[in-house]
Each structure stands twice: as C-alpha cells, then as structure tokens.
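The values are calculated or read from the model by the stated rules, or taken from the named source; none is laboratory data. Note that this is a predicted model, so its numbers are computed, not measured. Cβ atoms come from the backbone with ideal geometry, glycine included; neighbour counts cover every protein chain shown.
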Amino acid sequence: MPSQSSLAVPPGTVVTDEQKAAFAADLRKLRAKATKDLSMEDFDHLRKLERWGRICSLLGYGTAWIMPNPISALLISTANVNRWANITHPISHGGYDKIKGIPEKYTSKRFAQGRRRFIDWLDWIIPAGWDQEHNQLHHYNLGEDDDPDLLERNMEWLRSSKLPKWARFAVIAIFACVWKPIYYAQSTLRELRVKNAKSPEEAANVAFSFEARAWSPRHKEGREYWMRCILPYAGIRFVAIPALFLPLGVGAATSVLLTSLLAEVFANLHSFAVIVPNHSGDDLARFEDPIKNKNEYYYRQVVGSVNFRTGSDLNDFLHGWLNYQVEHHLWPAMPLSQYQKLQPQVKALCEKHGIPYIQESVFSRVSQMVGIMTGSRNMIVEKQGLVVNSEAAAV
C-alpha cells in the first residue's frame with residue numbers, strides 16, 4: 001500500500017503557532033460533536049469485539065487438545081491481543097465512562113482492578129503499571145525524554161553497537177517474540193514503583209528494567225516482578241488451562257500446553273507489529289522540549305504518530321484499533337467506533353491547516369521501525385517547533 005501521507009504537507013514541514021491554534025480550534029469542535037454523539041451503540045460495538053475475541057478463544061482451545069498446531073495457536077493469540085488492544089486499552093483510558101447505562105465493570109475505575117484483573121485482563125502486565133506507564137507518561141509526554149516508550153532512545157544500545165546488520169535483525173526478531181514479559185511488564189512495573197516512591201531519593205533508586213535486581217528473586221524488585229507479573233499469568237495460561245484437559249488424557253493436556261506456548265509467541269509478534277511502529281520512522285518527530293500549551297499538544301500527537309490502513313471492523317479488529325493512532329492520541333478517552341468516524345475528518349483538517357499526516361500499511365511501518373531500531377534511519381528531531389537534525393529535515 002503506498003503512503004497515504006499528504007504530498008502537499010511533507011514530513012518535517014515547519015508549522016507556525018497560528019496554524020497550530022487554528023488546527024486545535026477545529027479539533028475542539030470535532031471532539032465536542034463526537035462526545036455529544038456518544039450512545040449505547042458505541043458500547044454495543046465494544047461488546048461485539050469482545051464476542052469476536054471470545055469466539056477465537058473458544059475455537060482455539062476447543063481444537064488445541066487434538067494436536068499442537070498453528071491454527072489453534074493463532075486463534076488463541078488473536079483473542080489474547082484483542083483482549084489487550086481492543087478491550088482493555090480503550091476501557092482503561094475511560095473511553096466508555098461517559099456513556100450512560102453501561103455496566104460498571106466496563107468503566108475505567110472498575111475494569112481489571114484488584115481481583116478483577118484475573119477476570120477482565122490477566123496478562124504479564126500489571127493494570128496499575130499500564131495506567132501509569134502508558135495512559136499517563138507515554139500519552140502526555142509523547143516523543144519526549146519522559147516518554148518511556150521512545151524507541152530511538154531505548155534502542156540506542158543496538159543502534160550504536162558494532163553488531164553486523166544480520167545480528168541486529170536477529171536481536172529484534174528474538175525480542176519481538178518475548179517483548180511483553182521482557183520489556184512491557186518490566187517497564188510498566190518500574191514506572192509504577194517510581195510513582196509510588198515516598199521520596200525523590202527512593203524514586204531515583206528504583207531499578208531499571210534490565211538491571212539484575214529487577215529480575216533476580218534475590219532482590220525485592222525481582223521478587224515482585226515474578227510474583228505479580230510472571231507467575232500469575234504463566235500459572236494460569238500454561239499450567240491451569242492445560243490441566244483442564246487432563247480428563248482427555250496427558251497427550252491432550254500436553255498439546256494444549258505446546259499450542260499455548262506457540263500462541264504466546266504469536267501474540268507477542270502480533271502486538272509488537274501493531275504497537276511498536278506507531279511512533280517510529282524517519283518521517284515522524286520526537287521532541288527535545290516539553291509541550292508548552294494545548295495547541296502544541298494536539299500538533300505533536302499528529303506529527304509524532306502514524307496510522308495504518310483503516311476502514312472496516314475486521315481490518316481494525318486485526319490491527320487492535322492501533323491503526324487509528326493519530327486520532328487515539330488526540331482523544332484517548334474515546335470509544336473505538338468513534339475513531340472510524342473521526343479519522344477522515346482529522347485527516348482533512350491536517351491538510352487544511354498544513355499539518356503532516358502519515359498513513360501507511362503496517363508492513364511499511366514495521367520496515368520503518370526496524371530501521372530506527374538498527375540505526376539505519378533517524379527520526380525527525382524538533383526543538384521549539386524547528387527541525388534540528390539536518391538529515392531528517394531533508395526527508
């Protein structure tokens with residue numbers, strides 16, 4: 001799929017404060033109308049996606065016992081990604097909180113909280129850590145040094161390494177297969193620890209994700225990681241669920257275990273492909289200074305994000321609705337169904353006000369992401385609204 005970015009507004013274009021203000025004013029009107037239009041139809045749409053995920057899960061486990069196979073694994077993994085991306089993600093942002101009459105368990109204050117984690121969203125990731133790392137730090141510091149998911153900075157060790165290109169690709173491939181427990185569980189837990197620290201000194205002493213004490217059961221941080229992230233999920237996914245099939249024989253239970261392990265690899269690869277490229281590429285910006293006002297906030301969400309192909313429930317379901325990354329970053333607390341309506345309008349406003357808007361296939365964006373991770377591509381760097389790296393300015 002060719003790039004759908006506006007040729008009239010190439011990446012790296014300087015946008016004035018006046019343009020940003022006019023753009024923000026139009027976005028506020030668009031948001032007001034969308035908020036007014038919220039209804040139970042938006043919630044019914046979410047429930048439909050939830051049913052799709054449950055059907056995938058039932059079909060996957062319903063056939064996994066026969067023999068280890070990739071079809072059952074793919075169904076299970078699709079259900080896994082759906083639960084995170086299409087259900088937990090928008091609910092945790094409060095996307096359905098303003099719809100009157102929805103069950104309380106679908107509100108951000110109730111969903112996956114406390115013991116409901118084991119009902120609503122059992123994953124490697126702690127819900128409270130996800131809220132702090134993703135909903136707060138990532139969304140409101142996009143592309144800045146305070147963004148915990150700033151890929152170019154996080155991968156500097158690989159970008160500047162002396163490894164040959166093939167070895168860098170191998171590192172990325174292996175990482176993509178296990179990135180949820182290796183990166184996201186650790187990163188979200190770390191940010192939660194920093195938030196809960198009782199003093200600046202305690203916060204500064206919190207272990208970084210790849211320090212030994214963050215992993216080793218001999219240390220407090222490592223024990224917390226294993227007890228809160230790894231053991232609950234692994235115990236249910238790879239022990240309890242396969243054990244349910246023991247009445248059909250040890251072979252059936254073993255088949256479910258092996259299929260579940262393959263499904264976990266698929267779920268990691270799937271989520272990696274639709275999440276990590278969202279804010280990486282030589283046509284997207286990162287920022288050396290903090291946001292100065294709401295107008296700047298809106299601008300940065302657009303030029304620091306990329307959309308994938310959009311348009312239908314099935315397509316969007318498979319993308320985890322992360323193909324509406326621009327619109328989601330503009331308005332995180334919005335039902336998924338509204339993004340489908342808002343996307344063409346936001347794109348038109350970007351062209352109207354001279355704001356670069358990037359939309360390409362997920363496969364093209366994975367290529368861009370790999371380029372950033374290996375060091376063959378560099379992101380646009382902005383400071384005070386100007387591009388400060390000459391290489392990116394020529395994009």
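For residues that are surrounded by fewer than 21 Cβ atoms within 10 Å (Cβ to Cβ) and farther than 15 Å from His139 by Cβ, tally how many sit in segment 284-319.
Total satisfying the criteria: 14.
Every residue, every condition in (1) at pLDDT below 95; (2) more than 17 Å from Thr35 (Cα to Cα); (3) assigned to a helix (DSSP H, G or I), yes or no:
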position	(1), (2), (3)
Tyr324	no, yes, yes
His329	no, no, yes
Leu342	no, no, yes
Gln345	no, no, yes
Leu349	no, yes, yes
Arg365	no, yes, yes
Arg377	no, yes, no
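Limited to segment 35-93, what total is found for residues that are closer than 21 Å to Arg237 by Cα and not β-branched (Val, Ile, Thr)? Write out each step before concluding.
If we filter segment 35-93 for residues that are closer than 21 Å to Arg237 by Cα, which is where we start, we get 50-89.
Narrowing further to those that are not β-branched (Val, Ile, Thr): 50-54, 56-62, 64-65, 67-70, 72-75, 77, 79-80, 82-86, 89.
Count: 31.
Return yes when Val346 is more than 20 Å from the chain's Cα centre (by Cα) and either surrounded by 20 or more Cβ atoms within 10 Å (Cβ to Cβ) or closer than 21 Å to His134 by Cα (or both) and no when it is not.
On the way: more than 20 Å from the chain's Cα centre (by Cα): yes; either surrounded by 20 or more Cβ atoms within 10 Å (Cβ to Cβ) or closer than 21 Å to His134 by Cα (or both): yes.
In short, yes.
Just name the residue that is surrounded by the fewest Cβ atoms within 10 Å (Cβ to Cβ) out of those in segment 147-188 that are among the basic types (Lys, Arg) and closer than 22 Å to Trp215 by Cβ. Full working, then the answer.
The first filter runs over segment 147-188 and keeps only residues among the basic types (Lys, Arg), leaving 153, 159, 162, 165, 168, 180.
If we keep only those that are closer than 22 Å to Trp215 by Cβ as well, we get 153, 180.
Values: Arg153: 15, Lys180: 21.
Per the criteria, the residue is Arg153.
Can you find a residue that is modelled with pLDDT of 95 or more and among the aliphatic types (A, V, I, L, M) anywhere in segment 199-206? Full working, then the answer.
Taking segment 199-206 as the starting set, the residues that turn out to be modelled with pLDDT of 95 or more are none.
There is no residue in segment 199-206 that is modelled with pLDDT of 95 or more and among the aliphatic types (A, V, I, L, M).
Pairs please, first residue from segment 350-376 and among the acidic types (Asp, Glu), second anywhere and not in a helix (DSSP H, G or I), Cβ atoms under 6 Å, 6+ apart in sequence or on different chains.
Glu351/Ser6; Glu360/Ser3
Can you pull out the helices (runs of 4 or more DSSP H) entirely within segment 1-94 that have at least 1 residues that are touching a helix residue (DSSP H, G or I) at 6+ places or on another chain (Cβ under 6 Å) and in the same structural domain as Glu360 (by TED's automatic domain parsing)?
Per the criteria, 17-36.
Return the only residue of Lys180, Lys198 being over 17 Å from Trp84 (Cα atoms) and of a type in the set (Lys, Arg). Don't jump to the end; show me each part of the working.
On the way: Lys180 fails: over 17 Å from Trp84 (Cα atoms).
Within the list Lys180, Lys198, the selection yields Lys198.
Please determine whether any residue of segment 74-92 is more than 21 Å from Val274 (Cβ to Cβ) and in contact with a Gly (Cβ under 7 Å, 6 or more places away or on another chain).
As a first pass, look at segment 74-92 and keep what is more than 21 Å from Val274 (Cβ to Cβ): none.
No, segment 74-92 contains no residue that is more than 21 Å from Val274 (Cβ to Cβ) and in contact with a Gly (Cβ under 7 Å, 6 or more places away or on another chain).
Pick from segment 352-363 the residues that are of a type outside the set (A, V, I, L, M) and in a helix (DSSP H, G or I): which of them is nearest to Tyr298 (Cα to Cα)? Working first, answer last.
Within segment 352-363, the subset of a type outside the set (A, V, I, L, M) is 352-354, 356-357, 359-361, 363.
Pick out the ones that are also in a helix (DSSP H, G or I) and you get 352-353, 363.
On the way: Lys352: 15, His353: 12, Phe363: 26 Å.
Filtering segment 352-363 for residues that are of a type outside the set (A, V, I, L, M) and in a helix (DSSP H, G or I), the one nearest to Tyr298 (Cα to Cα) comes out as His353.
Considering only segment 146-166, I want to know if a residue exists there that is at pLDDT 95 or above, among the small types (Gly, Ala, Ser) and over 28 Å from Asn80 (Cα atoms).
Among the residues of segment 146-166, at least one is at pLDDT 95 or above, among the small types (Gly, Ala, Ser) and over 28 Å from Asn80 (Cα atoms), which makes the answer yes.
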